[in-house]
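These notes concern the structure reproduced below.
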Amino acid sequence: MCGFTGYVGKNIDKKIIKDMNDMIIHRGPDDSGYYIDNDISMGFRRLSIIDLSHGSQPMKNEDSSMIITFNGEIYNFKELKKELTKKGHKFKNNSDTEVIIHGYEEYKEKIVDKLRGMFAFVIWDKKNKELFGARDYFGIKPFYYYLDNDLFIYGSEIKSFIKHPDFKKEINSEALKTYLTFQYSALDETFFKGVYRLKPGHYFKYKDGNLTVKSYFDYTYEESSKKLDTLIKEINREVSESVRYHKISDVKVGAFLSGGVDSSYIVSLLKPDTTYSVGFNFEGFDETVDAKRLSEILKINNKSKMINCDEFMEGVKKVQYYSDEPHANLSAVPLYYLSRLASDDVKVVLSGEGADELYAGYSEYNQSPMFLKYKKLPFGFRKTIKTIVQKLPKFKGKNFLIRAGSNLEDYYIGQAFIFNDKEANDILTNNYKTNINFKDITKPYFDKVKDKSDVIKMQYLDMNLWLPNDILLKADKMTMANSLELRVPFLDKKVFKQSLNIPTNYKIYENQTKYAFRQASLKTIPTEWSKRRKKGFMVPFSIWLKQENIYREVKRTFESDYSKQFFNVDKITKLLKEHHDGIKNNCRKVYTIYCFLLWYKAYFIDMD
């Protein structure tokens, strides 16, 4: 695990690439490396995990005609190495990095299809003056790029770009409105104008100032007719094998553990020396109790930490800096402290991200029997009822009737919906209002699964938006902020392929989400843990926001001079006061605005 940065173009300078590389030292404090020629400057930060003595980067092939920097882990590198050795390739070390560069020599861009793991990398072809780069199938590892005339900058984190003298640091005025809806940066172009994410499952080539980006990974849901028992065995087999691959390391491996089924399943298969948990000292907000109980049952040591209010408020600021873009998922803060806790002992941890998307674990996927029954009525009738009740005052069942009278595509955007389009534009100043609405972002994904069930539509959207842009982004950035490598065994090619075949009636069964998955977990964890409902990290910010000191701190930020550039201050302070006074629960809306303003201060005020 590591980080890289670099650029192609004029102004090649060792000091520039060193300054850029130093911005991401947290991603790899163990070592740094550089490659510079007349056309490219490459920087690398290393967190040593595999082949501790010989895995330094940038790494060259035999004749030094190709140079690679790579972030991630390739779990099938030993098998690929044998295959490439038979084809005549000579290896100098035991790293997975060298396998990628020889694989590219042999297979060119097709090498990405052979890799099993998480990755973002670039390979510089010195002879042809061409840069090739790729990002893994699910977006576990980040990759950003910036193209301005003859300058092409790339890297693991945007903050490194800022140190390049020709990088134009400008805010993307179109990004704010959609962020207010999704709670994360949802456009292809980031909050930094001209900076884009390389999408998951994509690769690029850059030569002579021209950039081409192509998709190499897509999938379809083909529900099988296999019996439940067969599917359970397949799930357990694939997950068990994936955990075995994901624990390959030359350093000690630990695991994150909450009270839920996903991390519990991973821990029961991995059996690490130590598990790590965090919580809050509030009733209903502490998962450390269940984590400790399971660790005791499995005879594993558990280390935990309770996060207080002051730590949380300080953590929010750190999250905005390390995330590169504003990020309003409350769980990022406890994840930051969880990562810091684990990094005292280990360099690698396993975690349960991805299970909810693969096996249908979110509560939104579990449409109630009443909802499904009502939806059997003619759509025209349901739509008429919806039109009528929308104009009525709030009453119990109003939201039910509105949703049941709508197509899924008209209201579902993923696991967070903070401000609707009208609400977002209402609080923004004129320069940041846009006509972009959430359906402009979700429609291309829904179109690809238009003939599938609502459950599959939600899964597909979450796999392509929520998972890479929220869940995996915070997982990578918060762990790497603490120089910790996080691995996610559920997001494995073979595990994923098997999950595509599970019929909807085995995903949601008897009012229980990811049913087949939970049944498979019973092979190794107690029934109590397998039946736990999805919670996520529960954070008491709504309670803290009513405290006078926290209220005043947020209010000062809302009323700051820089806030007036983006928001109608009267309207956002009204949201804050309503929450403080107990009139409305505006916690998520307030937090989303607050996170953006902290991010803006970190990158456009404190850095200037």
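Can you find, within segment 349-364, the residue that is modelled with the lowest pLDDT among those that are more than 16 Å from Asn236 (Cα to Cα) and among the hydroxyl-bearing types (Ser, Thr, Tyr)? This residue is Ser363. Is it the case, given these coordinates, that Lys233 is farther than 30 Å from Leu545 by Cα, open to solvent by 60 Å² or more (accessible area, probe 1.4 Å), among the basic types (Lys, Arg) and assigned to a loop (DSSP other than H, G, I, E, B)? Here the answer is no, as Lys233 does not meet what is asked. Selection of first residues in segment 322-347 that are under 16 Å from Glu311 (Cα atoms) and open to solvent by less than 30 Å² (accessible area, probe 1.4 Å) and of second residues that are part of a loop (DSSP other than H, G, I, E, B) and of a type in the set (Phe, Trp, Tyr), restricted to Cβ pairs under 8 Å at least 6 apart or on distinct chains, gives the following pairs, ordered by first then second residue: Leu330/Phe537; Ser331/Phe537; Pro334/Phe280; Pro334/Phe537; Leu335/Phe537. Selection of segment 339-358 for residues being touching a Phe, Trp or Tyr at 6+ places or on another chain (Cβ under 6 Å), part of a helix (DSSP H, G or I) and under 13 Å from Ser277 (Cα atoms) yields Leu341, Ala342. Going by what's in this entry, would Ile441 be described as β-branched (Val, Ile, Thr), closer than 23 Å to Asp324 by Cβ and under 22 Å from the mean Cα position of the chain (by Cα)? For Ile441, the condition - β-branched (Val, Ile, Thr), closer than 23 Å to Asp324 by Cβ and under 22 Å from the mean Cα position of the chain (by Cα) - is met. Answer yes if at least one residue in segment 209-221 is modelled with pLDDT under 95, among the acidic types (Asp, Glu) and out of contact with any helix residue (DSSP H, G or I) (no Cβ under 7 Å at 6 or more places or on another chain), and no otherwise. Yes, because at least one residue in segment 209-221 is modelled with pLDDT under 95, among the acidic types (Asp, Glu) and out of contact with any helix residue (DSSP H, G or I) (no Cβ under 7 Å at 6 or more places or on another chain). Taking (1) touching a residue at least 24 places away in the same chain (Cβ under 8 Å); (2) over 30 Å from the mean Cα position of the chain (by Cα) in turn, Lys87 satisfies each apart from (1).
Regarding Lys78, is this residue open to solvent by 10 Å² or more (accessible area, probe 1.4 Å) and outside any loop (DSSP other than H, G, I, E, B)? When the stated conditions are applied, Lys78 passes them.
Would you say Asp454 is among the acidic types (Asp, Glu), surrounded by 17 or more Cβ atoms within 10 Å (Cβ to Cβ) and farther than 21 Å from Phe256 by Cα?
The answer is yes for Asp454.
With respect to the conditions (1) hydroxyl-bearing (Ser, Thr, Tyr); (2) within 26 Å of Ala475 (Cβ to Cβ); (3) in contact with a helix residue (DSSP H, G or I) (Cβ under 6 Å, 6 or more places away or on another chain), Tyr104 falls short on a single one, namely (2).
Just wondering, is there one or more residues in segment 102-119 that are under 19 Å from Ile17 (Cβ atoms), surrounded by 17 or more Cβ atoms within 10 Å (Cβ to Cβ), touching a strand residue (DSSP E or B) at 6+ places or on another chain (Cβ under 9 Å) and at pLDDT 95 or above? No, segment 102-119 contains no residue that is under 19 Å from Ile17 (Cβ atoms), surrounded by 17 or more Cβ atoms within 10 Å (Cβ to Cβ), touching a strand residue (DSSP E or B) at 6+ places or on another chain (Cβ under 9 Å) and at pLDDT 95 or above.
Residues are listed down the side, and each one gets a yes or a no for (1) of a type outside the set (Val, Ile, Thr); (2) closer than 17 Å to Gly155 by Cβ:
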{"site": "Met23", "(1), (2)": "yes, yes"}
{"site": "His26", "(1), (2)": "yes, yes"}
{"site": "Ile67", "(1), (2)": "no, yes"}
{"site": "Glu73", "(1), (2)": "yes, no"}
{"site": "Leu80", "(1), (2)": "yes, no"}
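Quickly run through segment 169-190 and pick out the residues that are at negative phi and either surrounded by 24 or more Cβ atoms within 10 Å (Cβ to Cβ) or part of a helix (DSSP H, G or I) (or both). Answer for segment 169-190, where residues must be at negative phi and either surrounded by 24 or more Cβ atoms within 10 Å (Cβ to Cβ) or part of a helix (DSSP H, G or I) (or both): Ala175, Leu176, Lys177, Thr178, Tyr179, Leu180, Thr181, Phe182, Tyr184, Ser185.
Please give the number of the condition Lys514 fails out of (1) under 20 Å from Leu467 (Cα atoms); (2) touching an Asp or Glu at 6+ places or on another chain (Cβ under 6 Å). Tallying (1) under 20 Å from Leu467 (Cα atoms); (2) touching an Asp or Glu at 6+ places or on another chain (Cβ under 6 Å), Lys514 fails exactly one: (2).
Of the residues examined, Ile12 is not one that is open to solvent by 10 Å² or more (accessible area, probe 1.4 Å) and touching a helix residue (DSSP H, G or I) at 6+ places or on another chain (Cβ under 8 Å). The set of residues in segment 503-523 being under 24 Å from Leu270 (Cβ atoms) and either surrounded by fewer than 19 Cβ atoms within 10 Å (Cβ to Cβ) or modelled with pLDDT under 90 (or both) consists of Leu522, Lys523.
Would a scan of segment 588-598 turn up a residue that is open to solvent by 10 Å² or more (accessible area, probe 1.4 Å) and in contact with a Lys or Arg (Cβ under 8 Å, 6 or more places away or on another chain)? Checked segment 588-598: at least one residue is open to solvent by 10 Å² or more (accessible area, probe 1.4 Å) and in contact with a Lys or Arg (Cβ under 8 Å, 6 or more places away or on another chain).
For segment 399-446, a residue qualifies if it is within 23 Å of Phe371 (Cα to Cα), of a type outside the set (Val, Ile, Thr), assigned to a loop (DSSP other than H, G, I, E, B) and open to solvent by less than 20 Å² (accessible area, probe 1.4 Å), and the qualifying residues are Gly405, Ser406, Tyr412, Gly414, Ala416. In segment 287-299, the residue that is nearest to Tyr337 (Cα to Cα) out of those that are among the aliphatic types (A, V, I, L, M) and open to solvent by 40 Å² or more (accessible area, probe 1.4 Å) is Val289.
Residue-by-condition table, conditions (1) within 17 Å of Val495 (Cβ to Cβ); (2) among the polar types (S, T, N, Q); (3) in contact with a Cys (Cβ under 6 Å, 6 or more places away or on another chain); (4) surrounded by fewer than 23 Cβ atoms within 10 Å (Cβ to Cβ):
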{"position": "Asp229", "(1), (2), (3), (4)": "no, no, no, yes"}
{"position": "Arg237", "(1), (2), (3), (4)": "yes, no, no, yes"}
{"position": "His246", "(1), (2), (3), (4)": "yes, no, no, no"}
{"position": "Gly260", "(1), (2), (3), (4)": "no, no, no, yes"}
{"position": "Phe285", "(1), (2), (3), (4)": "no, no, no, yes"}
{"position": "Asn301", "(1), (2), (3), (4)": "no, yes, no, yes"}
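Taking the stated definitions as given, is Gly361 under 30 Å from Ile248 (Cα atoms), assigned to a loop (DSSP other than H, G, I, E, B) and open to solvent by less than 40 Å² (accessible area, probe 1.4 Å)? Here the answer is yes, as Gly361 does meet what is asked. Is at least one residue of segment 362-374 closer than 20 Å to Val449 by Cβ and within 19 Å of the chain's Cα centre (by Cα)? Scanning segment 362-374, I find at least one residue that is closer than 20 Å to Val449 by Cβ and within 19 Å of the chain's Cα centre (by Cα), so the answer is yes. The set of residues from segment 194-212 being more than 21 Å from the chain's Cα centre (by Cα) and open to solvent by 60 Å² or more (accessible area, probe 1.4 Å) comprises Lys207, Asp208, Asn210, Thr212.
Scanning segment 470-502 for residues that are open to solvent by 10 Å² or more (accessible area, probe 1.4 Å), assigned to a loop (DSSP other than H, G, I, E, B) and of a type outside the set (A, V, I, L, M) yields a count of 3. The requirement of being open to solvent by 40 Å² or more (accessible area, probe 1.4 Å) and either under 30 Å from Gly361 (Cβ atoms) or assigned to a helix (DSSP H, G or I) (or both) is not satisfied by Tyr551.
The values are calculated or read from the model by the stated rules, or taken from the named source; none is laboratory data. No experiment lies behind these values; they were computed from the predicted model shown. Counting neighbours? That spans all protein chains shown, and the Cβs are built from the backbone with ideal geometry, glycine included. The accessibility values were calculated without ligands, DNA or RNA, using every heavy atom of the protein model including side chains. Shrake-Rupley method; radii C 1.70, N 1.55, O 1.52, S 1.80 Å.
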